[in-house]
Amino acid sequence: MSLLVITVGLFSLGLYGVLTRRDLVAILASIEVMLGSATLLLVGLAAAGTPVGAHEGAVEATGVMVIVLAAAEAAVGLALVISVARRFKTTRVDELAEVKG
Amino acid sequence: MTLASIIFALLGVVAVSGAVVTVFARDVSRMAMGLGAFLLAVAGFFVYWGATFLGVVQLFVYIGGVLVLMIFAIMLVHRSPDGSPLLETRHDVAALAVAGGLFFMVVMALRGVVPDSVNQGIESGPAELTEAFLGPMLTHFEMGGVLLLAVLVSVVVILGGDDR
Amino acid sequence: MSGFLDSGWSVVMLPLALAVVVAVSGRLLGRLTPAVAIVAPVWVLAYGALSLVEGVHGSARADSVEWLTIGGAGGLTVGWAVDGLTAVMLVVVGLVAALVVMFSAGYMHGENGLPRYYAALCLFTAAMSMLVVADGLVGLFIGWELVGTCSYLLIGFWFTRPAAAKAAVKAFLTTRVGDVGLLLALALLWREVGDLSYSAVFAAAPSLAPGIVTAASLLLLVGAVGKSAQFPLQIWLPDAMEGPTTVSALIHAATMVAAGVFLVARAWPLFSLSSEALAVTLAIGGVTAVGAAAAALVQSDIKKVLAYSTISQLGFMFAALGVGAWGAAIFHLVTHAAFKALLFLGSGSVIHGSGTQELEEMGGLFRKMPVTGTTWLIGAGALAGLPPLAGFFSKDEILHDVAGAEPMWAAILFGASLMTAFYIARTTRLAFFDVYRGSGHPHEGGWSMRIPLIILAAFAGGLGFAAASVADVVGAHQGSLDLRIALASTLFAVAGLLAGWKVAGIDHPAFARPSFERLASLMRTGWGADTLVERAVLSPVIGVSRVLYDFVDRRVVDGIAEGAAPGARGLGRVFTSLQSGDAQWYATMLGAGAVALLALVSYVGRGL
């Protein structure tokens, strides 16, 4: 129960951050929290003896894939943030919404 | 209270407080530290559960890579003239309701599926991981490689464009 | 050989593939198009013929695939099964379609849009094969709808002619009324049985409530009536003559319109349990047989004569079904396919040669078109029921069976066959004998048109002797030839022929006397069925539409429309706040949707 509550709680916390943070960088950070909590649940399930994946090593391999995806997402996201910051001199989504292109 | 449950609780507290700081901190550097704490705790969970390799990867890629990248971005972005790099958060009832609702729904839905105690640990190590990646999950592996290449190219395209 | 016969889907798939090929590369193929298109029906013919040679009793070969899964109640399967009835139908479809394609090479030569024409013919072959080889009502329904679509496409082949376009729509809509009945029958049987394959439905039929069986049978009958142009849904078939004559021969004489008879014969185990449904079938068949025959007496258009004749002959088949003689109905279906396709193709040859469809502008064509004339005479004799031509045997069997069960209806059918002989004799004399009244230079068509006529004439002449084997193959008992009935019907036929011949001789060029004119004009319009439909169906619909327009559209809709602007402005204000361009607000909505879905699945979904 505690594993479930902690990981889902972390996920919801990250979601709340994504929905309320007004700065692109902070939104990215919140997304990292969501991804991390999802991986945590996956690995935790395997550690609790629930069969995950069709073969040995699948759990860790999937975890590695998530980390790789998260890294890729962070790289592209931050590149976009920097590009946006250069062009509009701000990274706040509410200000960006008013700029509109 | 066993040692295991103490470690579990400790890591849990660190992860949750790190996440809370990440989501609510107004100061940029504190947010980065909170994220770092969260990621470290996740890596700690991995190691504690026996997925040592995964923990190490988490440490390297996240703490070594993503966090540094993020700090870089913060430094680049927040060069505000008045020197107050504060992060705005517009707290929102709707967002709270959505996040809370999701929490409730998912917990209720997975209640019977997720076991109470994490006691078994993960036996597979890097050897099995390698076998998985070079065997049944070879496609995933290759796709990951292609994705990273695409990321490399797209970052260059995004940032290389209009450098004045 | 058995490998070939095991590939039952090929009778659907190959024509389908050829339809695509012809449609796509028709321009490239050019004059070779008919040669490519004919492969489809020939394949079907070969399959059916080989099945017959191998001998099929009961459901010999079958295969099915799961098509759709609905809830937990099991899936809709679509399969094929070839038994005697199917094999006979495949032979009929393949043979007539092949000959029609061959005939078309000459008849349709030089028309625009020929790839479309041949593609539609191939598609029709595929659909008709689907209809007959299906092992359940689902497959039958798919084929059923597809043949209707092909019929629509082909009636409207000359879509630039308003009459053709209108006729196509009329045919489509009228048969659609029947299709609704068929669909409802499927729904009812699905609810009651939970499986729509013939075997399951027929196995479950005896244990169903009698009311359900009657309802299902009657709904199936509605579908059959629509497809086979029986009373009261007969009005589309005469108009369908706007299509090319070849199409009339294939679709509106030999195959598609016979699908209704096929359906009832197929669903015989269901119909046999409901005496009410059988009584209705008999009544519909009898009324149609005599009414359409009467309408055919006075037509001035050679194709219209044949159209009413087809309706009338299908009525004979329905009457036979109504007394339980489904073997006789199928046998008449087979012989009718041969002689009516022959007559239609003959009329096509006449139209091709003389350039008109009006009987008044023909006459004396026998000398100018000897092949067409000779084969026409055989077809006409078969239709009239002269021994030993095919129609004599099949019609006799029907009359015999009906007379044994319902003498009153048998008398009516005798009247209808008297009229049949009358109208075909009249038409024959007007078209082929006496002096030529037209202004063209009638000539025989090319060999591609003559050969199909000769082949069909051979079948129309000789098929009658196959009565026993057809009955044996489809698994029906064959009634013995009753000499009294045979004699009576022959006498009726001869009397009708003589009378028709005489009337055609004294009556032209004035086709009807003034005193007779009122009744004749009523009959010429098919007993005013179109006017009746207009008064009884269209006018009320239009009236209601007008009321709806005046009230609902003018008052309510326009009122709403005029009140819409202020309302929209107010709503807009509400919605602009929702659509702020704020991505996070959108994300929140997305999350709310996800939560709602989760709640739906985990709480409401359980109860379902």
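Any read-out appearing in this document is the output of simple, stated calculations on the displayed coordinates, not a laboratory observation. Every value quoted in this text rests on a predicted model; they were computed, and no experiment measured them. Glycine also receives a Cβ, built like all others from the backbone with ideal geometry; neighbour counts cover every protein chain displayed.
Roughly speaking, what is the centre-to-centre gap between the stretch C:207-228 and the stretch C:117-183 when only Cα atoms are used, to the nearest Å? A separation of 21 Å, based on Cα centres.
Distant-in-sequence amide contacts of C:Gly136, defined by a placed amide H-H separation under 5 Å and a gap of 5 or more residues or a different chain, comprise C:Gly79, C:Tyr198. Between B:Leu159 and C:Ser439, the modelled labels are 9.0 nm apart [label points 7 Å from Cα along Cα→Cβ]. Per-residue shielding of B:24-33, expressed as the average number of other chain Cβ atoms within 10 Å of the residue Cβ, stands at 2. Computed extension gain for C:Glu360 through C:Val556, at 0.36 nm per residue and net of the alpha carbon distance, reaches 65.0 nm. Note on the stretch C:119-203: Rg/Rh from C-alpha atoms, Kirkwood Rh, equals 1.09. Highest mean packing comes first when the peptides C:96-105, C:225-234, C:364-373 are listed by Cβ atoms within 10 Å, giving C:96-105, C:225-234, C:364-373. When the Kirkwood radius is taken over all Cα pairs of the protein assembly as shown, what Stokes-Einstein diffusion coefficient follows at 25 °C and 0.890 mPa s, in µm²/s? It diffuses with D of about 74 µm²/s by this estimate. Backbone geometry of the stretch C:494-502 corresponds, through the Karplus equation with coefficients 6.51, -1.76 and 1.60 at θ = phi - 60°, to 3J(HN,Hα) couplings of 5, 4, x, 4, 4, 4, x, 4, 4 Hz, x marking Gly and Pro.
Working note: Karplus 6.51/-1.76/1.60 with θ = phi - 60° gives the stretch C:273-280 the couplings 8, 10, 5, 5, 4, 5, 4, 5 Hz, where Gly and Pro are set to x.
You can think of it this way: the chain between B:Arg26 and B:Arg90 has 21.9 nm of extra reach, that is 0.36 nm per residue less the Cα-Cα gap. Based on the Stokes-Einstein relation at 37 °C and a viscosity of 0.692 mPa s, and on the Kirkwood radius from alpha carbon pairs, the stretch C:151-304 is assigned a translational diffusion coefficient of 200 µm²/s. Of the peptides C:556-566, C:124-134, C:263-273, C:398-408, the order by per-residue mean of other Cβ atoms within 10 Å, starting with the highest, comes out as C:124-134, C:263-273, C:398-408, C:556-566.
How much length would be gained if the chain were fully extended between C:Asn112 and C:Arg27, taking 0.36 nm per residue of separation minus their Cα-Cα distance, in nm to one decimal?
29.5 nm
Derived from the Cα gyration tensor, the three semi-axes of the equivalent ellipsoid of the stretch C:73-154 are 28, 15, 7 Å, largest first. Sum -39500 (n - 2.57) across every DSSP H segment of at least 4 residues in chain B, then divide by the residue count to get the 222 nm mean residue ellipticity, nearest 500. Roughly -22500 deg cm²/dmol at 222 nm, from the helical runs in chain B. Taking max minus min of the alpha-carbon positions on each principal axis, chain C gives extents of 89, 55, 55 Å, largest first.
Return the FRET efficiency for the residue pair C:Tyr549, C:Leu522: r is the Cβ-Cβ distance, R0 is 22 Å, and the value is rounded to the nearest 0.05.
Once rounded, the FRET efficiency stands at 0.05.
Any idea what angle helix C:447-462 forms with the longest principal axis of chain C, computed on alpha-carbon atoms, 0 to 90 degrees, nearest 10? With rounding to tens, the tilt is 80 degrees. Using every pair of separate Cα atoms, the Kirkwood estimate puts the hydrodynamic radius of chain B at 19.5 angstrom. Per-residue ellipticity at 222 nm, computed for chain A from helices alone with -39500 (n - 2.57) per DSSP H run of at least four residues, works out to -27500 deg cm²/dmol.
For the stretch C:263-372, the extents of the C-alpha atoms along the principal axes are 54, 24, 16 Å, listed from largest to smallest.
With the simple model of a label 7 Å out from the Cα in the direction of the Cβ, C:Val20 to B:Ser5 spans 6.6 nm. Note on the stretch B:1-79: Kirkwood hydrodynamic radius from all Cα pairs is 13.1 Å, rounded to one decimal. Across chain C, C-alpha contacts under 8 Å between residues 6 or more apart give a mean separation that, scaled by the residue count, equals a relative contact order of 12 percent.
Suppose only helical runs count, i.e. DSSP H with n ≥ 4. What mean residue ellipticity at 222 nm does that imply for chain C under -39500 (n - 2.57) per run, divided by all residues and rounded to the nearest 500 deg cm²/dmol?
On the way: 29 runs with 434 residues, N = 608.
That calculation yields -23500 deg cm²/dmol at 222 nm.
Translational D (Stokes-Einstein, µm²/s) of chain A at 25 °C and 0.890 mPa s when Rh comes from the Kirkwood sum over C-alpha pairs?
The estimated diffusion coefficient comes to 161 µm²/s.
Counting only residues at least eight positions apart within a chain, or on another chain, the lysines with an alpha carbon under 25 Å from that of C:Lys304 are C:Lys166, C:Lys170, C:Lys227, C:Lys340, C:Lys368, C:Lys395, C:Lys502.
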